[in-house]
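> This structure is in structure tokens; I'll ask about it shortly.
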Amino acid sequence: MSLLVVGLSYRTAPLALLERAALTDEASRQLELRACRRDHVAEAVALSTCNRLEVYTEVSKFHNGVSEVGESLAEATGVPLEQLTDHLYVHYEAAAVAHLFGVVCGLDSMAVGEPQILGQVRHTMREATEAGTAGRSLSSVLRHALRVGKRAHAETGLDHAGPSLVEAGLHRAEDVVGPLRRASVLVVGAGAMSGLAVATAARAEAGDIVVTNRTATRADRLAAGVGGRSVPFSKLIEALTDADVVVSCTGAMGHVVTSADVELAVTRRAGRPQVYLDLALPRDVEPGVADLPGVDLLDLEALGDHLAAEKVATDLAQVRELVVEEVDAFLARLRAEAVAPTVVALRAMARSVVESELARLRGRLGDVDDRVRSEIEHTVNRVVDKLLHTPTVRVKELAGEPGGDTYAEALRNLFGLDPSNVAAINAAPSGVPGPGDAA
């Protein structure tokens, strides 16, 4: 079985296609279940964020796996496979591990280094595990990826490598409406990204911070945390009229801020400029808003282009080196785990041979002093243990190197080992300690 990732992101697909492919949590779980019903997919985890949709799978065959995951994506999103194909990327085995580690570190995000992806991956792994689609293999690589992400934030300058989407958007907004300390910022929504927007506006000392949300209690709580105020969602047009900067990030499946709403607000503002930051996917703000006079609309695509020019090369190089190091360590661990059944099978076979020969010896010798018989048995086991020590230790060491699995294969061929028979061998009656058990 091997790790395979098939997905599309803002790097490979236009925003309009990403909107069509966006999935809710429930739809993501259905995608995972759909994929796992296929012939060559054993495990599946779907990661759906504001700028990507990826399916991490454990597959038995590469080409069949790619086909089956692609079909599952098309069925889950409702986007025909032929429309997805040109925008899909595929990573396999070591490349898939490297991609995942880079994603969790935020290297593949629009806002490089953004920490939200850590929580998104953790949430996705937990949901997939509870649904039964993430088994031992995917859980192992995802847990390792989360540790890599934490290391990247703790041990490198990743947090300074690129500003967040909110910071970048508010910085751009100041070019249009002037200093934020004299501006009013309206945040539409009360989720995680909205919380980040409110906190960022507060750090920038925005003159007025207003929050609106369909669930009023959540808006109240978010606004109160920074000394702002909330307004009922039913008063959205009035709130748009008063706001110099509007940050919308609700996660709703349709447009929350329509062109008609903004046109009415623009008329009431009497020519005062206004900036809309649409940080949602699917987009919250109707694209036609960009055509209205006095309005600047920045969506994820526009902000991503802006951020691409602001990377700090040294900090990113540190993170990439860390990712390479962690990928090597993870793959070495997998290779070592893969050789373990062969080592166990070798020792089990030796134990079976020793027991058989000692039983035969006891039959030929007849009555022998217990102390003598015990010494003979321990001596034979010590000899076998010493003969096996070097090859078993060495094969474990070699397994940690690229191509190390060939050494385990050679060991299996030399001794005619079948690791799947270990349980049967160990189940056989034994009256003496196995190799390595002797004192």
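> Can you work out ³J(HN,Hα) from phi for every residue in the range 252-268, in order, using Karplus 6.51 cos²θ - 1.76 cosθ + 1.60 and θ = phi - 60°, giving whole Hz and x for Gly and Pro?
6, 8, x, 6, 8, 10, 8, 4, 5, 4, 5, 4, 5, 5, 4, 4, 6
> I would also like to ask the following. Would you kindly give the portion of the calculated P(r) for the range 165-307 that falls above 24 Å, as a percent of all Cα pairs?
19 percent
> Next up: Suppose R0 equals 22 Å; then what is the FRET efficiency for Ile376 and Ala340 from their Cβ-Cβ distance, rounded to the nearest 0.05?
0.10
> Starting from the 7 Å offset along Cα-to-Cβ, what nm value, one decimal, do you get for the label separation of Phe233 and Arg272?
Here the modelled spin labels are 2.6 nm apart.
> Can I ask one more? P(r) of the range 53-136 in 10 Å steps, Cα pairs, percent per bin?
15, 41, 41, 4
> Tell me, how many Å apart are the Cα centres for the range 254-294 and for the range 113-170?
32 Å
> Still on this model: Need one number: convex hull volume per residue for the range 196-280, Cα atoms only, in Å³.
Each residue corresponds to 93 Å³ of Cα convex hull volume.
> Cα-based Rg of the range 2-160 per 2.2 N^0.38 Å, rounded to two decimals?
0.96
> In percent, how large is the relative contact order of the chain, given Cα pairs closer than 8 Å and 6 or more residues apart?
Relative contact order here is 13 percent.
> Still on this model: Taking 0.36 nm per residue of separation and subtracting the Cα-Cα distance, what length does fully extending Ala154 through Arg37 add?
Gain on stretching Ala154 to Arg37: 38.2 nm.
> Efficiency by 1/(1 + (r/R0)^6): what FRET value for Val90 and Ser60, r their Cβ-Cβ distance, R0 = 22 Å, to the nearest 0.05?
The calculated FRET efficiency here is 0.85.
> Here is a further query. Taking R0 as 25 Å, what FRET efficiency do you get between Asp242 and Thr217 from their Cβ-Cβ distance, rounded to the nearest 0.05?
E between Asp242 and Thr217, to the nearest 0.05, is 0.70.
> Under the Karplus relation 6.51 cos²θ - 1.76 cosθ + 1.60, θ = phi - 60°, what is the ordered set of whole-Hz ³J(HN,Hα) values for the range 124-137, x standing for Gly and Pro?
4, 4, 4, 5, 5, 5, 5, 7, x, 9, 9, x, 4, 5
> Then there's this: If you average over every viewing direction, what projected area does the convex hull of the Cα atoms of the range 327-392 give, in nm²?
That works out to 5.3 nm².
> Each residue of the range 243-249 in turn: what ³J(HN,Hα) in whole Hz from Karplus with 6.51, -1.76, 1.60 and θ = phi - 60°, glycine and Pro shown as x?
Values per residue, Gly and Pro as x: 8, 7, 10, 10, 10, 10, 7 Hz.
> For a distance above 22 Å, tell me the whole-number percent of Cα pairs in the range 126-239 that qualify.
Value for the range 126-239 (Cα pairs over 22 Å): 52 percent.
> Is the shape of the range 194-246 rounded, prolate or oblate, going by the alpha carbon gyration tensor and its root eigenvalues a ≥ b ≥ c, with a/c under 1.5 for rounded and a/b larger than b/c for prolate?
Here the range 194-246 falls in the oblate category.
> List every residue whose amide H lies under 5 Å from the amide H of Val90, counting only residues 5 or more places away in sequence or on a different chain, with H placed 1.01 Å from N in the peptide plane.
none
> Can I ask one more? In µm²/s, what is D for the chain at 37 °C and 0.692 mPa s, where D = kT/(6 pi eta Rh) by Stokes-Einstein and Rh is the Kirkwood radius from Cα pairs?
129 µm²/s
> Next question, about the same structure. Compute log10 of I(q)/I(0) for the range 13-98 with the Debye formula, placing one identical point scatterer on every Cα and leaving out solvent, at q = 0.10, 0.19, 0.20 Å⁻¹, to two decimals.
Reported log10 I(q)/I(0), two decimals: -0.21, -0.82, -0.91.
> Can you give the Kirkwood hydrodynamic radius of the range 232-372 from its Cα pairs, in Å with one decimal?
Mean inverse Cα-Cα distance, inverted, gives 22.0 Å.
> Determine the relative contact order of the range 68-146: mean sequence separation of Cα pairs under 8 Å and six or more apart, normalised by residue count, in whole percent.
Answer for the range 68-146 is 21 percent.
FYI, it's all coordinate maths here, none of it is from the lab. For clarity, every value in this text was computed on a predicted model and none was experimentally measured. Heads up, the Cβs are rebuilt from the backbone with ideal geometry, glycines too, and the neighbour counts pull from every protein chain shown.
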